[in-house]
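A short worksheet on the structure shown next.
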Amino acid sequence: MKENIVIIGGGIAGLEAAGQLIRLGYSPIIVEKQDHLGGHVAEWHCLFPDMTPASDVVSRLTENVSEANIFVNTEILFINHLKDSYNVMLSNGISIVTRIILFTTGFRLFDASKKEEYGYGVYDQVITNRDLEQWFSTGNDDRVNSRELNAVGFVHCVGSRDEKAGNGQCSKVCCITAVKQAIEMKQRFPEAQVYCFYMDLRMFGKKYEDFYISAQRDYGVRFIRGRVSEVSENIEGKVIVKAEDTLAGKPVKVTLDLLVLMAGIVCNPDCTKVASMIPLQMDSDGFLKSRDNIMDITGSSRSGIFYAGACTGAKTVPETLAEARSAALDIHNYITSSRI
Amino acid sequence: MMNFGFKIAPSATINLDNVDMEKFTLLHEMEPDVYKCMACGSCSATCPAGRFTGMSVRKVILDLQRGREKEAVRMLKGCMLCGKCSMVCPRGINTRHLILSVCRIYNEDKQ
Ligand SMILES: Cc1cc2nc3c(=O)[nH]c(=O)nc-3n(C[C@H](O)[C@H](O)[C@H](O)COP(=O)(O)OP(=O)(O)OC[C@H]3O[C@@H](n4cnc5c(N)ncnc54)[C@H](O)[C@@H]3O)c2cc1C
Ligand code: SF4
Ligand code: SF4
Ligand code: SF4
């Protein structure tokens with residue numbers, strides 16, 4: 001079957017869709033901007049809800065695409081509209097004529113330094129969810145002082161549910177990520193006090209509530225309802241966190257050795273750039289606009305353009321994979337129905 | 001000390017660094033489920049005494065972890081141990097038993 005299918009983004013969505021398309025007999029082309037496949041999941045240590053090593057997921061998905069054409073370190077220079085196809089020009093000089101483009105461009109983590117009051121990039125003891133995942137994997141981060149880790153805090157909703165920060169949406173995966181990371185910190189430092197500062201705990205997924213109960217019951221993670229207002233540093237080089245304990249109706253403060261900001265999920269600017277070449281519409285939440293948010297989340301308003309994964313909004317790994325499979329089937333149906 | 005004719009109100013801020021968790025740790029040993037409270041308020045809503053005395057299991061559990069033991073123990077005086085709160089707690093905490101344990105641990109020095 002000689003039908004070019006261009007997949008933009010080699011994260012888990014792009015990999016899974018490519019794997020399925022190969023199984024259906026097509027030969028998809030993956031274009032990945034970075035030097036590695038797997039996208040964000042390649043940066044994570046282990047995944048909720050079963051603490052699956054993230055590298056296992058990425059390597060399984062990568063094995064399935066060994067037959068695909070994969071271009072890493074490659075960007076989209078421009079996309080030209082032909083009569084009923086697109087000419088996609090890549091930064092490596094290759095140009096592809098195709099009827100079908102699948103966007104699996106994923107998300108971008110909110111830049112936590114924009115929330116200046118939380119001190120990311122200012123105080124050494126303030127890191128992000130991504131930094132902590134990397135520290136779990138590598139153990140290298142000068143900001144994490146394992147010898148003196150008596151109190152750790154997690155700040156939920158950093159750059160999410162925050163109109164001033166330009167993102168009013170809930171990023172969906174950070175509550176459960178905070179609970180997961182809080183447990184992992186307790187496993188490494190059982191004597192440490194671990195606090196989560198939250199507004200709501202959104203434990204929507206399979207077994208997430210069990211995770212939350214376990215964090216409370218088995219690990220004694222202390223949940224404080226209230227958004228952190230500001231962070232400062234004392235002379236000993238520790239950070240002081242201020243919030244309102246809205247359950248007690250009183251201001252609360254605590255001194256910490258490490259503060260982890262749960263940076264939110266926003267649309268990837270690389271995605272917006274490519275989308276504007278076609279052009280594709282963005283939804284009011286800043287992500288790619290699906291043809292229909294209930295019936296056709298993987299479809300765009302243009303024929304031959306499909307979406308899968310976090311490019312249409314925050315998603316978990318299983319949700320992303322399910323969408324990638326569904327997009328592969330949509331593409332297959334698109335090809336077979338146009339052949340008749 | 002100089003008398004200015006007025007005093008500064010003590011700070012209402014809860015400083016978690018200074019909260020002594022010794023008794024709460026003891027309570028947790030006797031009542032492991034106390035950690036499971038998710039502050040839903042079902043216990044307080046159903047409590048027949050709460051309306052008149054201000055008793056709230058949710059607040060007791062919170063206050064004990066915020067260094068407000070006196071307030072918690074004072075509140076417990078309004079409980080008549082009817083056990084209604086135990087029946088509604090969605091986290092399955094035996095709140096009535098918990099109340100008794102709190103009394104045992106925190107009442108020793110007659111706060
Ligand atoms: C801190 C954190 C922890 C998480 N932990 C879990 C977990 O434990 N379990 C779970 O289920 N989910 C977890 N998630 C969610 C998970 O990361 C996402 O579901 C997943 O990354 C979505 O995959 P994706 O392929 O859609 O996007 P991405 O992972 O963002 O991949 C997109 C890929 O596309 C590439 N790309 C983008 N634009 C272009 C372009 N123009 N040209 C070429 N390439 C491009 C990017 O470089 C990237 O490789 C977590 C999220 C966060 C923030
Ligand atoms: S998932 Fe939780 S931490 Fe993340 S934005 Fe939503 S409420 Fe905030
Ligand atoms: S046992 Fe006490 S706290 Fe519980 S419902 Fe009865 S009076 Fe209220
Ligand atoms: S009903 Fe149970 S979980 Fe809810 S506040 Fe009371 S003790 Fe806590």
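So the values come out like this:
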{"read-out": "Inter-centroid distance (Cα atoms) of region A:130-155 relative to region A:66-116, Å", "value": "34"}
{"read-out": "Estimated [θ] at 222 nm from DSSP helical runs (n ≥ 4, -39500 (n - 2.57)) normalised by residues in chain B, nearest 500", "value": "-12000 deg cm²/dmol"}
{"read-out": "Angle between chain A longest axis and helix A:208-217 axis [Cα atoms, degrees, rounded to 10]", "value": "20"}
{"read-out": "For A:Gln193, distant residues with modelled amide H under 5 Å away", "value": "A:Ala151, A:Val152"}
{"read-out": "Apportionment of accessible area to carbon and sulfur, chain B, percent (1.4 Å)", "value": "56"}
{"read-out": "Per-residue mean of C-beta atoms belonging to partner chains within 10 Å, peptide A:237-244", "value": "1"}
{"read-out": "Beta bridges per DSSP with both ends in chain A, % antiparallel, nearest 5", "value": "50"}
{"read-out": "Sequence-distant residues sharing a close amide H with B:Ile14 (under 5 Å, placed H)", "value": "A:Val252, A:Lys253"}
{"read-out": "Most mobile of B:Ala39, B:Ala12, B:Ala49 in a GNM of chain B (Cα contacts under 10 Å)", "value": "B:Ala12"}
{"read-out": "Those residues of region A:213-236 for which accessible area with every protein chain present is at least 40 Å² below the isolated value (1.4 Å probe)", "value": "A:Gln216, A:Arg217, A:Arg222"}
{"read-out": "Cα principal axis extents for the protein assembly as shown, largest first, Å", "value": "85, 50, 39"}
{"read-out": "Neighbouring partner chain Cβ atoms per residue of A:301-313, average, 10 Å criterion", "value": "0"}
{"read-out": "Net charge of neighbours whose Cβ lies under 11 Å from the Cβ of A:Ala248, counting Lys and Arg as +1 and Asp and Glu as -1", "value": "+2"}
{"read-out": "Members of region B:26-61 that become less accessible by 50 Å² or more once partner protein chains are added (1.4 angstrom probe, chain alone as reference)", "value": "B:Tyr35, B:Lys36"}
{"read-out": "Per-residue average of Cβ from other chains inside 10 Å of B:7-16", "value": "4"}
{"read-out": "Centre separation in Å (Cα based) which lies between region A:198-222 and region B:71-93", "value": "23"}
{"read-out": "Area hidden from solvent between B and A (accessible, protein heavy atoms only, 1.4 Å, total, Å²)", "value": "1800"}
{"read-out": "Within a Gaussian network of chain A (alpha carbon springs, distance under 10 Å), most fluctuating of A:Ile22, A:Ile235, A:Ile265", "value": "A:Ile235"}
{"read-out": "With every protein chain in place, region A:80-229: carbon and sulfur % of accessible area (1.4 Å)", "value": "43"}
{"read-out": "Region A:112-264: C-alpha gyration tensor shape, a/c 1.5 cut-off, then a/b vs b/c", "value": "rounded"}
{"read-out": "Positive minus negative residues near A:Arg202 (Lys, Arg vs Asp, Glu; Cβ under 12 Å)", "value": "0"}
{"read-out": "In Hz, Karplus ³J(HN,Hα) per residue of region A:322-331 (6.51, -1.76, 1.60; θ = phi - 60°; x = Gly, Pro)", "value": "4, 5, 5, 5, 5, 5, 4, 5, 4, 5"}
{"read-out": "GNM flexibility winner over chain A from A:Arg217, A:Arg108, A:Arg202 (Cα, springs under 10 Å)", "value": "A:Arg217"}
{"read-out": "Over 21 Å (Cα to Cα) - which of A:Lys114/A:Lys242; A:Lys114/A:Lys315; A:Lys114/A:Lys164; B:Lys59/B:Lys84; A:Lys2/A:Lys273; A:Lys115/A:Lys172 fall in this group", "value": "A:Lys114/A:Lys315; A:Lys2/A:Lys273"}
{"read-out": "Chain B - accessible surface per residue (Å², probe 1.4 Å)", "value": "60"}
{"read-out": "Length-normalised contact order of region A:24-66 in % [C-alpha pairs under 8 Å, at least 6 apart]", "value": "29"}
{"read-out": "Mean separation of Cα contacts under 8 Å, 6 or more apart, over the residue count of chain B: relative contact order %", "value": "29"}
{"read-out": "Span-like helix ranges in chain B, DSSP H, alpha carbon extent 15 angstrom or more, Kyte mean at least -0.5", "value": "B:95-106"}
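The values are calculated or read from the model by the stated rules, or taken from the named source; none is laboratory data. No experiment lies behind these values; they were computed from the predicted model shown. As a convention, Cβ positions derive from the backbone with ideal geometry for all residues, glycine included, and neighbour counts pool all protein chains shown. Areas reflect the complete protein model, heavy atoms only, side chains present, ligands, DNA and RNA absent. Shrake-Rupley method; radii C 1.70, N 1.55, O 1.52, S 1.80 Å.
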